[in-house]
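The values are calculated or read from the model by the stated rules, or taken from the named source; none is laboratory data. Because the structure is a prediction, the values reported are computed rather than measured. Backbone-built Cβ (ideal geometry, glycine too); neighbour counts: all protein chains shown. These accessible areas exclude ligands, DNA and RNA; they are computed on the full protein's heavy atoms, side chains included. Shrake-Rupley method; radii C 1.70, N 1.55, O 1.52, S 1.80 Å.
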Amino acid sequence: QVQLVESGGGLVQAGGSLRLSCAASGRVFRFNSMGWYRQAPGKQRELVAHITLGGNTAYADSVKGRFTISRDNAKNTVYLQMNSLKPEDTAVYYCRADEGYVVHWGQGTQVTVSS
């Protein structure tokens, strides 16, 4: 059983920064891809950023240049550095890890950006 635990969410003013972390525990072999998604009230869950085992990254257009995803394969941990936050970044942020054809999700962490 794999568990993903997110941390680092909170309340921040517009223009501020937060760093999210997602640590995997349990029976972990290797995640070929890890990523961050978010879901705002009344909206669908959307991809924010993801990173492959080899370090290739991709970002949603709305966060390019502001967010940076990274991972520590030895620790099975993925990070999301969020700078220049905007009120529209407010959402629950979920960590996702793909292990072959199996997809694991974290429980989510709330990020609230005040104007």
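Couple of notes before you dig in:
- Evaluation of Gly55 against the conditions (1) surrounded by 15 or more Cβ atoms within 10 Å (Cβ to Cβ); (2) at positive phi; (3) of a type outside the set (D, E, K, R) shows that the sole unmet condition is (1).
- Any hit, region 59-81, residues being in a loop (DSSP other than H, G, I, E, B), of a type outside the set (S, T, N, Q), farther than 14 Å from Trp105 by Cβ and touching a residue at least 40 places away in the same chain (Cβ under 8 Å): yes
- Test result for Arg38, touching a residue at least 24 places away in the same chain (Cβ under 8 Å), basic (Lys, Arg) and open to solvent by less than 30 Å² (accessible area, probe 1.4 Å): yes
- When Thr77 is tested against the conditions (1) open to solvent by 20 Å² or more (accessible area, probe 1.4 Å); (2) modelled with pLDDT under 95, the lone failure is (1).
- In region 93-102, residue farthest from Leu4 (Cα to Cα) [restricted to those that are open to solvent by 20 Å² or more (accessible area, probe 1.4 Å) and modelled with pLDDT of 95 or more]: Tyr94
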